[in-house]
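Reading through the structure tokens given below for one structure.
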């Protein structure tokens with residue numbers, strides 16, 4: 001004897017019940033949810049590291065510029081110290097007194113040159 005279920009499979013009984021198709025629903029499984037969280041975390045970490053490396057690069061560039069400026073200012077400072085030593089020397093003071101103020105030492109005579117007008 002053949003069971004009725006088996007007859008349906010063979011096709012002898014022609015009455016079939018057709019069920020409407022179900023729409024697929026999107027379900028999160030634990031593995032998919034953990035994978036999604038991991039991907040989001042990795043994207044966040046990559047973006048964060050990228051921003052931090054950009055800031056680090058900018059700071060290093062700025063530090064190099066400041067170091068160059070420090071070296072330049074140290075050189076200028078050294079020149080000004082040497083000029084200060086020169087200005088404070090007695091020889092320089094005497095030379096400026098002679099040139100700018102027209103002073104002479106005792107026993108010396110002062111000679112003043114004048115320019116004559118050649119047009120007349």
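Determine, from the Cβ-Cβ distance of residue 114 and residue 94 and an R0 of 22 Å, the FRET efficiency 1/(1 + (r/R0)^6), rounded to the nearest 0.05. Don't jump to the answer; show the numbers that get you there.
On the way: r = 25 Å, r/R0 = 1.13.
Result of the calculation: an efficiency of 0.30.
Which FRET efficiency value, to the nearest 0.05, do you get for residue 101 and residue 76 by plugging their Cβ-Cβ distance into 1/(1 + (r/R0)^6) with R0 = 25 Å?
Plugging the Cβ-Cβ distance into 1/(1 + (r/R0)^6) gives 0.25.
Using label points projected 7 Å from each Cα along Cα→Cβ, tell me how many nm separate residue 87 and residue 60, to one decimal.
Between residue 87 and residue 60, the label points sit 4.2 nm apart.
Does the stretch 50-120 come out rounded, prolate or oblate, given a ≥ b ≥ c as the square roots of the eigenvalues of its C-alpha gyration tensor, rounded meaning a/c under 1.5 and, failing that, prolate meaning a/b above b/c?
Cα axes put the stretch 50-120 in the oblate bin.
How much length would be gained if the chain were fully extended between residue 50 and residue 29, taking 0.36 nm per residue of separation minus their Cα-Cα distance, in nm to one decimal? Walk me through the numbers before you get to the answer.
On the way: separation 21, 0.36 × 21 = 7.56 nm, distance 3.17 nm.
This chain segment gains 4.4 nm when fully extended.
All of the numbers you see were taken from the coordinates with simple rules; none came from a lab. As the structure is a prediction and not an experimental result, all values here were calculated from the model. For neighbour counting, all protein chains shown are included, and Cβ atoms are generated from backbone atoms with ideal geometry for every residue, glycine included.
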